[in-house]
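Chemist: Just dropping this structure here.
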Amino acid sequence: MQKIYESSARLLPEKLTIYTTLVGLLNARNYNFGGEFVEAMIRQLKESLKANSYNEAVYLVRFLSDLVNCHVIAAPSMVAMFENFVSVTQEEDVPQVRRDWYVYAFLSSLPWVGKELYEKKDAEMDRIFANTESYLKRRQKTHVPMLQVWTAEKPHPQEEYLDCLWAQIQKLKKDRWQERHILRPYLAFDSILCEALQHNLPPFTPPPHTEDSVYPMPRVIFRMFDYTDDPEGPVMPGSHSVERFVIEENLHCIIKSHWKERNTCAAQLVSYPGKNKIPLNYHIVEVIFAELFQLPAPPHIDVMYTTLLIELCKLQPGSLPQVLAQATEMLYMRLDTMNTTCVDRFINWFSHHLSNFQFRWSWEDWSDCLTQDPDSPKPKFVKEVLEKCMRLSYHQRILDIVPPTFSTLCPANPTCIYKYGDESSNSLPGHSVALCLAVAFKSKATSDEIFSILKDVPNPNQDDDDDEGFSFNPLKIEVFVQTLLHLAAKSFSHSFSALAKFHEVFKTLAESDEGKLHVLRVMFEVWRNHPQMIAVLVDKMIRTQIVDCAAVANWIFSSELSRDFIRLFVWEILHSTIRKMNKHVLKIQKELDEAKEKLARQHKRRSDDDDRSSDRKDGALEEQIERLQEKVESAQSEQKNLFLVIFQRFIMILTEHLVRCETDGTSILTPWYKNCIERLQQIFLQHHQIIQQYMVTLENLLFTAELDPHILAVFQQFCALQA
Amino acid sequence: MSSGLLKALRSDSYVELSQYRDQHFRVRRAGPRGGEALAQNPATWFSPGDNEEQEKLLKKSCTLYVGNLSFYTTEEQIYELFSKSGDIKKIIMGLDKMKKTACGFCFVEYYIRADAENAMRYINGTRLDDRIIRTDWDAGFKEGRQYGRGRSGGQVRDEYRQDYDAGRGGYGKLAQNQ
């Protein structure tokens, strides 16, 4: 029994008051049960805090608070616990995010238990409030701009989460703790419960801060709707009402409980108790987009939200699609101030969503974007959406679904561009070799045969004095890569087979760093109409070690890509590259850890058995561990280098832009600049755990005080996130 | 009762195995007259261990079977959709055994199981090329499994169906020949 309630507290937090009522009734019957239960919850709370499961811990604290309402826990002892929580704000030399969490745990329990605690211990509560208020006034909020979905304050300010919660609790206090939204089953059992003997919480000391402690990141509250958006339905609670907090908390909890089961999740959301008194569909849509657009990352995989919204449309076909369309329209209207990472997610969501509904949309409503600078947010958004829609269907379909006026925003037909293909290419250097290669490829030549054809290709770079045996021959790379990719253009599988079959040739031609860069350049020239093909080829080339991650990073920042620099596919490639690097490091670290464990087990067995033959086995394993250790160090070094290259290149191009604008006297805030600076932010945010390791290097080497303050600000905001 | 409720709290039904088992699945073992019996040849002896082995493989598989595709759906479209749950290792298009053209199914292999699970949770039952597609666990691609097993060369389901499906060659083969 106990185990169930403990699990329910953690796993179904939206049903909290039902379980607390049950515990209350059991405690009224059996005082010892209540005592054991509370003890177990406290133990679990301590464990959650030590295990960095802070979200779980919040629910446990809330559960304990509600047990006060059910006469299981004596109010004064709960107040004492909250006193200890808020006293963490006095701790020195700890991260702000630690102090933040304890304040959050206190404040977020008050909608449930504020009334009871104030009735019993108002003087103490006032003191705790005063301490909380002074903390909130003095804490740093440098991190906020990095986490906001929109930079604009209108129509809804993007408030820092603690500020918003404080305002909501203040209002609740002013309203004398009258809170009508939470279902309180225990009120119906008051006559039984008030007879129960209460328990005192043992004094609770917050576990001390350790090096391994990782606290939740700060958040910004996402708001897109208010009561004006649904004039005909029930009134939406205001942004500083505690009802708004409780509804959003519960809806988030439902998603957290049922994210794996999309039909259950959708059913639970639409059957939220009290739904007739609130515009539930608006709350649901707002909460889902809040998660999808959350920075640094959504709590669950992006595609879950797309499918959940589709399920909701199926469950409420008469009402939800309209709200969703209204939301889409609002998001489109506010693209100018939306964070680039959030725009990416909006693009991916909207295109995937449309593909489930025959791409039906009232594109003419968005004709305003046709007259704007094509690099500005609205036309760029439409272009990217259409490109993604094409990937899920085919080129002609896209031309058919948009009005003719939108044809300028339609993606290019994803065809291959072969430079040696027509008669005018006769004069191009290497043309005859290209033809020769084409014949060879078609007659199923081997790598050796290809090598011998390429042997006679002159090196245009060899005019320079070079006595180092220059191996980089751009012309060889050009004719080989152009011809091979052109012949394999039919499908991804064909291209992958080509890469595999002639892997040896690729490796040889791309041995040097310049070689790797040139392979990427030529590949891009062939496939510049087909960004999806570019992405899969880069992925394959990294995985088969034809190019390395640093080469891809340098290629992305090269002048050849400057025209496409703000296009989404470029950043998808860069982030995918960084992720591959990260996964590679983790994989080798895991191998090393496993080998070390194996050795430890062998040692233990040896001391148990006194077996001398395992000395030999030890040697082999120790050698393996040494090799793996080297591999790990080398991989970590490569990983650090990748990030340094990326940051260095960002600093270079941003500085160039800022200097140019200063000398020209123009505004720095061009669409390109906004995009670029937010892409830099995105690198920090998406890979923050790994970049934390490089803070000292970054501070001393790259993000120094001499840097332009606009660029330095991004770094400082990032530092503030876990400060 | 307690384990049932706890189980319900951890439910993950979209990831569970379906009822379907590949009837051609065989574990490689020595044949009746010595030498190895080919795993995919239905003429070899069937052993109860095959079902057990198939289930074991299904439960740790990173490969999904994808069905109800249009004959015109391309590898690129499948890549785009299924990449939403993770990095794809390989896609193998299902082909008509005679014509060697797409016949409406494929295999999608991921690098890690968790990505395949997310595909089962969020891509299964949604649309590709306007058709609701269905994904199911597969024990792993073996050469030969990319071909339809229907008598006319396509999938078995296209042999017997009575309806008209423009994306899958019109009427079913049997209905066509009537």
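Chemist: Yes or no: the range A:363-375 includes at least one residue that is within 26 Å of the chain's Cα centre (by Cα) and assigned to a loop (DSSP other than H, G, I, E, B).
Modeler: Checked the range A:363-375: at least one residue is within 26 Å of the chain's Cα centre (by Cα) and assigned to a loop (DSSP other than H, G, I, E, B).
Chemist: Of the conditions (1) in contact with a Gly (Cβ under 7 Å, 6 or more places away or on another chain); (2) within 9 Å of chain A (Cβ to nearest Cβ); (3) buried (at least 19 other Cβ atoms within 10 Å of the Cβ), B:Tyr72 fails just one. Which one is it?
Modeler: Here B:Tyr72 clears every test but (3).
Chemist: Exactly one of (1) among the basic types (Lys, Arg); (2) more than 10 Å from chain A (Cβ to nearest Cβ); (3) under 30 Å from A:Ile401 (Cα atoms) is unmet by B:Lys142. Its number?
Modeler: (3)
Chemist: Additional query: Return only the number of the condition from (1) buried (at least 19 other Cβ atoms within 10 Å of the Cβ); (2) among the hydrophobic types (A, V, I, L, M, F, W, C); (3) touching a Phe, Trp or Tyr at 6+ places or on another chain (Cβ under 9 Å); (4) modelled with pLDDT of 95 or more that A:Leu454 does not satisfy.
Modeler: (4)
Chemist: Can you pull out every residue in the range B:151-168 that is in a loop (DSSP other than H, G, I, E, B) and either touching a Cys at 6+ places or on another chain (Cβ under 8 Å) or free of Cβ contacts under 8 Å to residues at least 24 places away in the same chain (or both)?
Modeler: B:Arg151, B:Gly153, B:Gly154, B:Gln155, B:Val156, B:Arg161, B:Gln162, B:Asp163, B:Tyr164
Chemist: Of a type outside the set (A, V, I, L, M), exposed (fewer than 13 other Cβ atoms within 10 Å of the Cβ) and part of a loop (DSSP other than H, G, I, E, B): is that true of A:Thr228 in this structure?
Modeler: Considered against the rule, which asks whether it is of a type outside the set (A, V, I, L, M), exposed (fewer than 13 other Cβ atoms within 10 Å of the Cβ) and part of a loop (DSSP other than H, G, I, E, B), A:Thr228 comes out as no.
Chemist: Got a sec? Which of A:Phe204, A:Phe245, A:Phe222, A:Phe189 is among the aromatic types (Phe, Trp, Tyr), in contact (Cβ under 8 Å) with a residue 60 or more places away in the chain and over 22 Å from A:Trp112 (Cα atoms)?
Modeler: Selected residue: A:Phe222, the only one of A:Phe204, A:Phe245, A:Phe222, A:Phe189 that is among the aromatic types (Phe, Trp, Tyr), in contact (Cβ under 8 Å) with a residue 60 or more places away in the chain and over 22 Å from A:Trp112 (Cα atoms).
Chemist: Among the residues that make up the range A:273-280, is at least one of them within 14 Å of another protein chain (Cβ to nearest Cβ) and surrounded by 18 or more Cβ atoms within 10 Å (Cβ to Cβ)?
Modeler: no
Conditions tested, residue by residue: (1) outside any helix (DSSP H, G or I); (2) modelled with pLDDT under 85; (3) outside the structural domain of A:Gln682 (by the TED database); (4) within 18 Å of A:Ile542 (Cα to Cα).
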position	(1), (2), (3), (4)
A:Lys580	no, no, no, yes
A:Gln589	no, no, no, no
A:Arg601	no, no, no, no
A:Ser607	no, yes, no, no
A:Glu626	no, no, no, no
A:Ser634	no, no, no, yes
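Chemist: I'm told A:Ser562 meets every condition in (1) modelled with pLDDT of 95 or more; (2) more than 25 Å from the chain's Cα centre (by Cα) except one. Can you identify the failing condition by its number?
Modeler: Unmet for A:Ser562, out of (1) modelled with pLDDT of 95 or more; (2) more than 25 Å from the chain's Cα centre (by Cα): (1).
Chemist: Any chance the range A:419-431 includes a residue that's more than 14 Å from every other protein chain (Cβ to nearest Cβ), aliphatic (A, V, I, L, M) and within 30 Å of A:Pro296 (Cα to Cα)?
Modeler: No, the range A:419-431 contains no residue that is more than 14 Å from every other protein chain (Cβ to nearest Cβ), aliphatic (A, V, I, L, M) and within 30 Å of A:Pro296 (Cα to Cα).
Chemist: Let me ask something additional. Starting from residues that are in a loop (DSSP other than H, G, I, E, B) and of a type in the set (A, V, I, L, M, F, W, C), keep the ones in the range B:103-131 and report whichever is nearest to the other protein chains (Cβ to nearest Cβ).
Modeler: Ranking the candidates gives B:Ile123 first.
Chemist: Could you check, for the range A:550-572, whether at least one of its residues is farther than 29 Å from A:Trp672 by Cα, assigned to a helix (DSSP H, G or I), of a type in the set (Ser, Thr, Tyr) and not assigned by the TED database to the domain that holds A:Asp375?
Modeler: no
Chemist: Go through the range A:671-692 residue by residue and tally those that are of a type in the set (Val, Ile, Thr) and buried (at least 20 other Cβ atoms within 10 Å of the Cβ).
Modeler: Within the range A:671-692, residues that are of a type in the set (Val, Ile, Thr) and buried (at least 20 other Cβ atoms within 10 Å of the Cβ) number 2.
Chemist: Return the residues of the range A:242-256 that are buried (at least 21 other Cβ atoms within 10 Å of the Cβ) and within 14 Å of chain B (Cβ to nearest Cβ); say none if nothing qualifies.
Modeler: Matches in the range A:242-256: A:Ile254, A:Ile255.
Chemist: B:Gln54 - would you say it is at pLDDT below 95 and surrounded by 19 or more Cβ atoms within 10 Å (Cβ to Cβ)?
Modeler: Judged against the criteria, B:Gln54 is a match.
The values are calculated or read from the model by the stated rules, or taken from the named source; none is laboratory data. This is a predicted model, so every value here is computed, not measured. Backbone-built Cβ (ideal geometry, glycine too); neighbour counts: all protein chains shown.
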